[in-house]
Amino acid sequence: MAQPDVLISECGPRDGLQIIREVMPTKDKLAWIGAMHAAGVSEIEVCSFVPPKLMPQMADAAEVVAGSLKLQGLTVLALVPNLRGAEAAIAAGAHKLTIPVSATEEHSLANVRRTRADMVEEVGHIVRMRNERAPHVPVEANVSVAFGCTIAGAVDEDEVIRLAVTLARAGADFTGLSDTTGMGNPAQTRRLFTRLIAEIGERCGAAHMHNTRGLGLANNLAAYEAGVRAFDSSLAGLGGCPHAPGASGNVATEDLVFMFEAMGVDTGIDVARLVAARDVLAAALPEVPLYGMLAPAGLPLGYAPARLQRG
């Protein structure tokens, strides 16, 4: 089967769950992950390896990785904020690591209690450890609050690109840009990703856009037009950064998949089955609101996925 045109990397089990107070039982997390995988999602960020006392929602990270590894063909992704977390993730068997590095000192200190320079150095430590213990595991270091910071305000675009290039030089296999606070706009998104691709080419990582102000899909489309081919999103639009006040809402995966498929861009995902996976989430977290536009509206009459459009 031909490879999809774009990679949709689901981050709900990590980014979605970290922002809510409820702790989803491990069995329900695995049922949710399994339902999305059955819909065709090929990469899922299933957890973050952080101290349970700081984020009890992720206390079962190793168990979730172990259960997810049983799903054939799924790339199991884990977020790691430091070397200790990276060691734990590799020991658990994660296929890929992501590291957040903030574009502002203020967000970096709030999020990981380290300066940007400290985090760049930490990325180097993680890469060297990876090279020794698991050279097959890709490392993606992404620039958080790249489009604006709710603590520091506007972020200098030159500084964002310098930081991204520095992370690539530190050994990260991929470096993407994250609109952690939902402050970005399509012109800014197109501009930053165009510059990033000009600097690091195929090592450009994912666009991680939030829908806080309703521009998430527009920003993802702008990133696609700039040449990005990997996108983070969260089923039902769950998520946000606990250290970026007001930064609610990832782009809903089902809305993003529908947009691309309707455009004729193959995601490899069955959007109807993806919408059905919301039922697993709703049953496990009945008090948590679910977002997104496609689920209540339904697929339009005459809808055809990208592969059928091509005959």
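Condition test on D15, is it under 21 Å from A282 (Cβ atoms), at pLDDT below 95 and either assigned to a helix (DSSP H, G or I) or out of contact with any Cys (no Cβ under 6 Å at 6 or more places or on another chain) (or both)?
Yes, satisfied.
Regarding segment 162-176, can at least one residue be identified that is without any contact (Cβ under 8 Å) to a residue 24 or more places away in the chain and of a type in the set (D, E)?
No, segment 162-176 contains no residue that is without any contact (Cβ under 8 Å) to a residue 24 or more places away in the chain and of a type in the set (D, E).
Take segment 203-215 and flag every residue that is surrounded by 24 or more Cβ atoms within 10 Å (Cβ to Cβ) and either in a strand (DSSP E or B) or modelled with pLDDT of 95 or more (or both).
C204, G205, A206, A207, H208, M209, H210
Please go through segment 159-195 and pick out each residue that is farther than 21 Å from E105 by Cα and surrounded by 21 or more Cβ atoms within 10 Å (Cβ to Cβ).
T189, F193
Being among the small types (G, A, S) and out of contact with any His (no Cβ under 9 Å at 6 or more places or on another chain) narrows it down to one of G176, G153, so name that one.
Only one candidate qualifies: G153.
Please work out which one of (1) more than 22 Å from I33 (Cβ to Cβ); (2) of a type in the set (A, V, I, L, M); (3) in a loop (DSSP other than H, G, I, E, B) is the condition I269 fails and give its number.
The number of the failed condition is (1).
May I ask you to list the residues in segment 169-191 that are outside any loop (DSSP other than H, G, I, E, B) and within 18 Å of the chain's Cα centre (by Cα)?
Scanning segment 169-191 gives F174, T175, G176, L177, S178, D179, T189.
Can you confirm whether segment 143-155 contains a residue that is of a type in the set (V, I, T), farther than 26 Å from A86 by Cα and either part of a helix (DSSP H, G or I) or free of Cβ contacts under 8 Å to residues at least 40 places away in the same chain (or both)? Working first, answer last.
First, pick out the residues of segment 143-155 that are of a type in the set (V, I, T): 143, 145, 150-151, 155.
Subsequent filtering for residues that are farther than 26 Å from A86 by Cα retains 150-151, 155.
Applying the additional criterion that residues be either part of a helix (DSSP H, G or I) or free of Cβ contacts under 8 Å to residues at least 40 places away in the same chain (or both) yields none.
The answer is no; no qualifying residue exists.
For segment 206-222, give me each residue that is closer than 21 Å to P100 by Cβ and touching a Lys or Arg at 6+ places or on another chain (Cβ under 7 Å).
none
Of the residues L54, L109, L71, only one is surrounded by fewer than 20 Cβ atoms within 10 Å (Cβ to Cβ), modelled with pLDDT under 95, not in a helix (DSSP H, G or I) and not basic (K, R); which?
L54
What pairs come out if I take residues in segment 297-311 that are farther than 12 Å from F260 by Cα and in contact (Cβ under 8 Å) with a residue 60 or more places away in the chain and pair them with residues that are loosely packed, with under 13 Cβ neighbours inside 10 Å and not polar (S, T, N, Q) whose C-beta lies under 9 Å away, six or more apart or interchain?
So the pair list comes out empty.
The values are calculated or read from the model by the stated rules, or taken from the named source; none is laboratory data. What you are looking at is a predicted structure, and each value in this text was computed from that prediction instead of being measured. Cβ: placed from backbone, ideal geometry, glycine included. Neighbour counts: every protein chain shown.
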